[in-house]
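The values are calculated or read from the model by the stated rules, or taken from the named source; none is laboratory data. Note that the coordinates shown come from a computational prediction; the quantities given were computed from them, not determined experimentally. Note that each Cβ is placed from the backbone with ideal geometry, even for glycine, and that neighbours are counted across all protein chains shown.
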Amino acid sequence: MTAPSPAAPDTPHRSGFACFVGRPNAGKSTLTNALVGTKVAITSNRPQTTRHTVRGIVHRPDAQLVLVDTPGLHKPRTLLGERLNDVVRTTWAEVDVIGFCLPADQKLGPGDKFIAKELASIKRTPKVAIVTKTDLVDPRTLAEQLIAVDRLGQELGIEWAQIVPVSAVGDTQLSLLADLLVPLLPEGPLLYPEGDLTDEPEQIMVAELIREAALEGVRDELPHSIAVVVEEMLPREGRPADRPLLDIHANIFIERSSQKGIVIGPKGRRLKDVGTTSRRHIEALLGTPVFLDLHVKIAKDWQRDPKQLRRLGF
């Protein structure tokens with residue numbers, strides 16, 4: 001991403017919260033990571049990957065933009081789904097600006113209209129329409145999508161503060177998006193120390209990186225059944241100061257015994273791959289060598305059980 005130009009001496013400093021919303025798989029997490037410049041939200045080609053609000057912090061000379069990445073709003077089929085929707089609506093009520101993400105490569109559908117109707121009921125918060133994944137379409141398709149988004153706002157009485165086409169993968173117009181979001185924030189001092197990129201606890205981020213690796217290449221019905229809990233993160237005792245090792249013990253929870261074989265794979269190969277992939281990302285995140293101990297456990301129908309949802313952090 002291009003570095004922002006230095007702030008003029010008389011420019012007031014702005015700081016505040018922006019939240020990206022949209023139906024599942026609209027590119028919200030990828031956009032958050034691209035703007036922050038590092039991985040703070042897990043991404044997957046599976047819808048409904050995000051389950052927590054992850055804050056990514058964009059530092060600029062003139063502003064601090066705190067990005068809140070929410071789960072995709074959807075018609076819930078489980079108690080987990082209802083709780084994820086509650087998280088989204090609570091977040092909308094607390095932010096300074098809302099970015100509505102609509103992928104350029106898919107025509108506006110019932111899911112987009114469902115969210116737009118909800119947004120129309122929030123009167124005071126400025127709304128920016130962000131057309132994502134522009135690298136996947138030709139200029140004509142993009143132009144048609146921009147017109148459709150404008151028309152959607154008119155139909156529902158939403159006055160878009162801006163309509164911005166971007167590509168997080170192609171690094172197209174990301175600086176422009178930040179430039180357009182910043183003036184919509186209130187004037188104020190830094191909300192987080194310089195250099196902080198997220199306020200997500202390390203243990204939660206580690207669990208999310210393991211879940212991201214576990215999501216790769218599994219059957220379509222499995223992602224919603226996977227939860228990860230980090231039980232312990234402790235430095236290995238007796239290691240020399242120049243050769244530290246962090247022991248991480250984590251459980252991957254699924255809902256049925258039939259799913260266990262899918263996650264573990266033939267002769268344990270899939271679980272080994274999950275461990276190798278997630279350990280690499282965890283070591284990059286924490287800056288230290290890691291020993292990762294993974295176990296797969298069954299938490300029967302946890303998405304529908306209030307007690308188990310609490311235990312798994314929802």
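Quick notes on this structure:
- Matching residues in region 232-269 - criterion: being more than 23 Å from Glu202 (Cβ to Cβ) and assigned to a strand (DSSP E or B): Ile254
- Complete set of residues in region 51-77 that are surrounded by fewer than 23 Cβ atoms within 10 Å (Cβ to Cβ), at pLDDT below 65 and among the β-branched types (Val, Ile, Thr): Thr53
- Hey, Arg89 within 17 Å of Phe17 (Cα to Cα), basic (Lys, Arg) and either under 18 Å from the mean Cα position of the chain (by Cα) or surrounded by 15 or more Cβ atoms within 10 Å (Cβ to Cβ) (or both) or not: yes
- Of the candidates Ala168, Ala178, Ala161, the single residue that is more than 13 Å from Ala26 (Cβ to Cβ) and within 20 Å of the chain's Cα centre (by Cα) is Ala178.
- Only listed residue being of a type in the set (Phe, Trp, Tyr) and in a strand (DSSP E or B), chosen from Phe114, Phe100: Phe100
A quick yes/no check of all residues on (1) among the hydroxyl-bearing types (Ser, Thr, Tyr); (2) buried (at least 19 other Cβ atoms within 10 Å of the Cβ); (3) at pLDDT below 90:
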{"site": "Thr276", "(1), (2), (3)": "yes, no, no"}
{"site": "Arg279", "(1), (2), (3)": "no, yes, no"}
{"site": "Asp293", "(1), (2), (3)": "no, no, no"}
{"site": "Ile298", "(1), (2), (3)": "no, no, yes"}
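- Against the list (1) in a helix (DSSP H, G or I); (2) within 22 Å of the chain's Cα centre (by Cα), the condition Lys272 fails is (2).
- Looking only at residues in region 127-153 that are surrounded by fewer than 18 Cβ atoms within 10 Å (Cβ to Cβ) and within 23 Å of the chain's Cα centre (by Cα), the one that is nearest to Asp171 (Cα to Cα) is Asp135.
- Restricting region 78-98 to residues that are modelled with pLDDT of 85 or more and among the aliphatic types (A, V, I, L, M), the residue that is nearest to Ala120 (Cα to Cα) is Ile98.
- If only residues of region 22-42 that are in contact with a helix residue (DSSP H, G or I) (Cβ under 6 Å, 6 or more places away or on another chain) and under 23 Å from Pro110 (Cα atoms) are counted, the one that is modelled with the lowest pLDDT is Arg23.
- The condition (being more than 23 Å from the chain's Cα centre (by Cα) and among the hydrophobic types (A, V, I, L, M, F, W, C)) is satisfied by just one residue among Leu156, Leu119: Leu156.
- Among the residues of region 173-187, just one is closer than 14 Å to Ile57 by Cβ and either without any contact (Cβ under 8 Å) to a residue 60 or more places away in the chain or surrounded by fewer than 20 Cβ atoms within 10 Å (Cβ to Cβ) (or both), namely Ala178.
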